[in-house]
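The values are calculated or read from the model by the stated rules, or taken from the named source; none is laboratory data. Owing to the predicted nature of the structure, the values given are computational and were not obtained by experimental measurement. Note: ideal-geometry Cβ built from the backbone for every residue, glycine included; neighbour counts use all protein chains shown. For the accessible areas, the whole protein counts, side chains as well, though only heavy atoms, and no ligand, DNA or RNA atoms are used. Shrake-Rupley method; radii C 1.70, N 1.55, O 1.52, S 1.80 Å.
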Amino acid sequence: LAAGVIFGLRLKRGLLIMSLADAARLAVIPLLAENIINPFLSISDMDTDASFQGRMGAWQYGFELFARKPIAGGGFGVLDYDYGKASHNSFIEMLGEHGAVGLFIFIILLITCASVTFWIRRATKYRPDLAWASELAFMLQIILVGYGVGSLTINHAVFPLLYGIIGILASLQIIVRRELQTSAEVKPVAAPSPVAAVAPA
């Protein structure tokens, strides 16, 4: 939903596309099997729901671990090993496993990635030859928004695909910088000055 909102607000006719996509999703719901729909309807009381309470317990344990080891945390996978359950939150996962230092680096990494996508979009705004880079940066923005929102309920702080996306973004930034620098260095060559004819002695 968050990624769809960004998509709808930033693109021409995006709201129309998003509305049609939402209508299509709603139309498909009655066709889904019961084993797909039932998990979404199973939470009737959060105080007694085992899944929700398990998540709350994992979050609480993550904060308790941070209180015991606030700087560097307990290490990779400590919530799984000590608590026996996943953290169900990428930020709490990073906080419990790597402390304040790890969480700070993780957040700065995500903010930096977002700022790079905005820079690429601005830098290529008037470059039709780099329109592909602008579109790719926009799609990476949507991915980062979806990842950020999804990370509130899943533990994907060390998800390999995230760092693959970061690698793509870093490569894209290098390519755009190189293209902009190359075009800035290309200058028209001045015509050679005419050589005066020298009459033979």
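Annotations for the structure displayed:
- Residues satisfying the stated conditions in region 135-164, i.e. among the hydrophobic types (A, V, I, L, M, F, W, C), in a helix (DSSP H, G or I) and surrounded by fewer than 16 Cβ atoms within 10 Å (Cβ to Cβ): MET139, VAL149, LEU161
- Scope region 105-124; condition over 14 Å from GLN141 (Cβ atoms) and in contact with a helix residue (DSSP H, G or I) (Cβ under 9 Å, 6 or more places away or on another chain); matching residues: ILE105, PHE106, ILE107, LEU109, ALA123
- Just one of the listed residues (PHE76, PHE7) is at pLDDT 75 or above and not β-branched (Val, Ile, Thr), namely PHE76.
- A residue that is touching a helix residue (DSSP H, G or I) at 6+ places or on another chain (Cβ under 8 Å), open to solvent by 70 Å² or more (accessible area, probe 1.4 Å), modelled with pLDDT of 80 or more and part of a helix (DSSP H, G or I) occurs somewhere in region 52-63.
- Checking each residue in region 121-146 for being β-branched (Val, Ile, Thr) and either in contact with a Gly (Cβ under 6 Å, 6 or more places away or on another chain) or within 12 Å of LEU172 (Cα to Cα) (or both) picks out only THR124.
- Residue match in region 108-121 (condition: assigned to a helix (DSSP H, G or I), out of contact with any Lys or Arg (no Cβ under 7 Å at 6 or more places or on another chain), of a type in the set (S, T, N, Q) and surrounded by fewer than 16 Cβ atoms within 10 Å (Cβ to Cβ)): yes
- Given (1) open to solvent by 70 Å² or more (accessible area, probe 1.4 Å); (2) over 16 Å from SER151 (Cα atoms); (3) assigned to a helix (DSSP H, G or I); (4) of a type in the set (A, V, I, L, M), index of the condition ILE71 fails: (3)
- When the residues of region 24-49 are filtered to those that are open to solvent by less than 90 Å² (accessible area, probe 1.4 Å) and at pLDDT below 65, the one that is nearest to ALA86 (Cα to Cα) is ASP49.
- Taken as a whole, the structure leaves ALA191 outside the set of residues that are open to solvent by less than 80 Å² (accessible area, probe 1.4 Å) and either of a type in the set (Gly, Ala, Ser) or modelled with pLDDT of 85 or more (or both).
- Taking the numbered list (1) farther than 22 Å from PHE91 by Cβ; (2) modelled with pLDDT under 90 in turn, TRP132 passes all entries but (2).
- Restricting the first member to region 57-78 and to residues that are without any contact (Cβ under 8 Å) to a residue 24 or more places away in the chain and farther than 18 Å from ILE105 by Cβ, and the second to residues that are part of a helix (DSSP H, G or I) and not acidic (Asp, Glu), the beta-carbon pairs closer than 9 Å and six or more apart or on different chains are GLU64/GLY96.
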